[in-house]
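What follows is a short report on a single structure.
The values are calculated or read from the model by the stated rules, or taken from the named source; none is laboratory data. Since we're looking at a predicted model, the values are computed, not measured. Virtual Cβ from ideal backbone geometry, glycine too; neighbours counted across all protein chains shown.
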Amino acid sequence: MSVAKLEEALTRIGPVMAQLFGQSEAPMMISTLAPAEHFDADGSVAVGRLSSAGRPSPLVTVGIMDKQGRLLGPGERGEIVVRGSLVMAGYYKNPAATAEVSAHGWHHTGDIGYLDEENFLYIVDRAKDMVITGGFNVYSAEVEQALMAHDAVRDCAVVGLPDEKWGERVTAVVQPQPGASINADELIAFTKARIGSVKAPKQIEFWPDRHGPQWARC
């Protein structure tokens, strides 16, 4: 979820938010971020940790793996893999899919992420949602987090569209806050200042509630 919106909720409501990460193949709790872990020792909101999915639960072992099956160290990005007693035995009557998702003795979640030095798990994106633009890997979730930090953005989604020059261009669909007026150039500059020009959208499509699309390309 949006770090900016989560921080607002914690500030207004208090220490009642908790997060769980799991999937049908490893149900409910691969990792957890308890309410207290949303705050630092001095009681302030732990903004740098809000994008984390928490620490691995006691029932599983979590690792980060590259495409060659090598487990990666803290801070290195790769596919989130998991093993433990709660992981499924396999897909029903689909041995090929089971073998693919169980490569190297780990269950492959299809999510890209990393573990930090304190063993907090950060989910960067779905592997299939990654945009490759100009030879660079851009994760949609990272761009969405940057866009959602703007006060005038209510919601957004980032995708890659075919582009003759870049291969794919980072494209954002933005829902403005009610009554807000957003300039595409301003929003792109806002994003560039946070994550750099390569990751910033090259195209923005505004979709207000109950209205058709309004295109703005830069």
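Structure values in brief
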item: Close pairs (8 angstrom Cβ cut-off, 6 or more residues apart or separate chains): touching a residue at least 12 places away in the same chain (Cβ under 8 Å) in region 17-45, among the hydroxyl-bearing types (S, T, Y) and assigned to a loop (DSSP other than H, G, I, E, B) anywhere; result: M29/S57; I30/S57; S31/S57; T32/S57
item: Residue check for E8: at pLDDT 95 or above and surrounded by 11 or more Cβ atoms within 10 Å (Cβ to Cβ); result: no
item: Scope region 1-37; condition among the β-branched types (V, I, T) and under 28 Å from E100 (Cβ atoms); matching residues; result: I30, T32
item: Neighbours by Cβ (under 8 Å, 6+ apart or cross-chain): first from region 122-144, crowded, with 16+ Cβ neighbours inside 10 Å; second in a helix (DSSP H, G or I) and among the acidic types (D, E); result: V124/E142; D125/E142; Y139/D129; S140/D129; A141/D129
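Rundown of residues vs (1) modelled with pLDDT of 95 or more; (2) not in a loop (DSSP other than H, G, I, E, B), yes/no style:
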position	(1), (2)
A4	no, yes
R12	no, yes
P27	no, yes
E37	yes, yes
D42	no, no
G48	no, yes
K67	no, no
V81	yes, yes
A89	no, no
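Residues are listed down the side, and each one gets a yes or a no for (1) within 19 Å of G113 (Cβ to Cβ); (2) out of contact with any helix residue (DSSP H, G or I) (no Cβ under 6 Å at 6 or more places or on another chain); (3) surrounded by 15 or more Cβ atoms within 10 Å (Cβ to Cβ):
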site	(1), (2), (3)
M1	yes, yes, no
G14	no, yes, no
G22	yes, yes, yes
I30	yes, yes, yes
E37	yes, yes, yes
D42	no, yes, no
L50	yes, no, yes
G54	yes, yes, yes
